[in-house]
Amino acid sequence: MYSSTRGCNDILSAAEAIKRGIAADGGLFVPTVLPKIDDIWLAKLVNLDYRGRAFEVLRLFLTDYSEEELKNCIAAAYTTEKFDDAAIAPVTAIDHNTYALELWHGPTSAFKDMALQILPHLMSKALSKTQEEAEIVILTATSGDTGKAALEGFANVDQIKIIVFYPEEGVSPIQRLQMVTQQGANVSVVAVRGNFDDTQTGVKNIFNDPFFNENLAAKGFQLSSANSINWGRLAPQIVYYFSAYADLLAKGHLQLGEVVNFVVPTGNFGNLLAGYYAKLMGLPIGKLICASNSNNVLTEFLDQGVYNKVRTFHKTLSPSMDILISSNLERLLYHITDADTVQIKNWMEELNREGQYCVGQRYLESIKDTFWADWVSDVETLEKITDIFKKYLYVADPHTAVAWHVGERYRQQTGDMTLQVIVSTASPFKFNESVLAAIRDSKNSNSDKKDEFSMLHELSQISGWPVPPALAALEKAPICHSILCNKEDMPLVINDILE
Ligand SMILES: *Cc1c(COP(=O)(O)O)cnc(C)c1O
């Protein structure tokens, strides 16, 4: 069962928690009891494929889903039609005690697919299990990655429609193409004149407009969101920590019970939190290493126990980590305070009122037992991409390079040479301009601004890696969406689409 981090009395099934997304008091849903695993359970994962491992992990959390329901959701999500590697989340050896866990083999070439491929199926099942009659309309404002991953996941899922709004000027050419070529009878993509803030504010206003929502309800529609605080996005992310460990066991790189450290490039804290759940359940994890870019609010928090959102926002080369409010952190607070929901509510109110809160010495110590954190500038990120390519012939995207750099610093500063898994969150092809700038031989190549597709091919030539098929296909894909609107008109556009 699931309850809120802020203490309201709702105790809900997983299906209900996934359907609602956020608790009535504004808190996040957390499991009331954490399942524990042992070595025998862990050893059994070794001989299973990713789908089998996903089933073993998810059944511990989604206990109200039948075995068959879970297996169907998993089978629909993690297929080789959607993922370009049969391992789904393969582990690549870098050197004798460093590995990369690649979470970008899905249809949009970034880690959001790991959760957004399965969430729509879990949600669709949740609707039937809770006898929901309304048609759910997922509204998303996107600065690029999440929108496409949500479209891919929700396309053609029963009883759900999805409408994605993106800022006309605020996404990269590849990201725009990814979205406007999206197929599916239940998907709409709308460009909004203005920047990401305008778009996001527009969506928030729609969620908070009671009159608009009542009107939709009368027509049989209910709005929902697919953002990263939904338990249905978090639970599937726990799976790949176990899967990575099982792969390392299978290849003989580890003995059962031996401890591993994970380094995770972090923004909203969803990915790293999933690793924390794996550790709480009993997966032998030593340190969880949190890697940030110059938006280093989490570095400061995990180091000093002070969360201060009042700071300059930086646009960086690792844009999916350009975040000042890490919403999933509230779940960490819940577990380190041993479910002190009154305390959490106070901190969240302080954050709203004063822009910061401080957890104090006692909790800071327990945070530091598990976490280590540091951050990396854009210049260092590019240098690291160059360095990794020269040393290992591995091509890291900027997010992965941030993690790599922090992982190396952790080893230098602590002397802890425990086996390290670097969590790699995006394909380098998705950030081809930065990656090319870092790895092309500047003497022999003209670095004039090139179009996206010639950059994809150039990167493929230099690296010897194939262009991800879904990105290559964009060059010839037909455009299916061309609505452009002013931000004031977003509600009208929704009504038109739903007519
Ligand atoms: C979303 C994202 C992240 C950050 O993940 P969180 O769960 O928000 O911490 C890191 N890298 C990439 C490529 C992403 O898309």
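The values are calculated or read from the model by the stated rules, or taken from the named source; none is laboratory data. These figures come from a predicted structure and were not determined experimentally. Reconstructed Cβ throughout: ideal geometry from the backbone, glycine too, with neighbour counts over all protein chains shown.
So here's what we get for this one:
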item: Qualifying residue in segment 304-312 (condition: farther than 14 Å from F269 by Cα, in a strand (DSSP E or B) and over 23 Å from the mean Cα position of the chain (by Cα)); result: yes
item: Single condition T63 does not satisfy, out of (1) over 20 Å from the mean Cα position of the chain (by Cα); (2) buried (at least 21 other Cβ atoms within 10 Å of the Cβ); result: (2)
item: Condition broken by N205, with the remaining ones in (1) assigned to a helix (DSSP H, G or I); (2) surrounded by fewer than 23 Cβ atoms within 10 Å (Cβ to Cβ); (3) under 19 Å from the mean Cα position of the chain (by Cα) satisfied; result: (3)
item: In segment 208-243, residue nearest to L70 (Cα to Cα) [restricted to those that are among the small types (G, A, S) and more than 16 Å from the ligand (Cβ to nearest atom)]; result: S243
item: Qualifying positions in segment 325-362 - modelled with pLDDT under 95, more than 12 Å from the ligand (Cβ to nearest atom) and part of a loop (DSSP other than H, G, I, E, B); result: G355
item: D322 vs. criteria among the acidic types (D, E), within 16 Å of the ligand (Cβ to nearest atom) and closer than 21 Å to G275 by Cα; result: yes
item: Test: T381 is in contact with a Leu (Cβ under 7 Å, 6 or more places away or on another chain) and assigned to a helix (DSSP H, G or I); result: yes
item: Considering residues of segment 406-436 that are assigned to a loop (DSSP other than H, G, I, E, B) and polar (S, T, N, Q) only, the residue nearest to V259 (Cα to Cα); result: T418
item: Single residue of K279, K287 found to be over 24 Å from E350 (Cβ atoms), part of a strand (DSSP E or B) and either within 15 Å of the ligand (Cβ to nearest atom) or in contact (Cβ under 8 Å) with a residue 40 or more places away in the chain (or both); result: K287
item: Leading residue by the ranking (nearest to D38 (Cα to Cα)) among those in segment 253-269 that are in a loop (DSSP other than H, G, I, E, B) and within 16 Å of the ligand (Cβ to nearest atom); result: F269
item: Selected residue [in contact with a helix residue (DSSP H, G or I) (Cβ under 9 Å, 6 or more places away or on another chain) and closer than 25 Å to T400 by Cα] from K112, K161; result: K112
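Matching residues to (1) within 16 Å of the ligand (Cβ to nearest atom); (2) on the phi < 0 side of the Ramachandran plot:
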| site | (1), (2) |
| --- | --- |
| A93 | no, yes |
| A100 | yes, yes |
| K112 | yes, yes |
| K125 | no, yes |
| G144 | yes, no |
| I162 | no, yes |
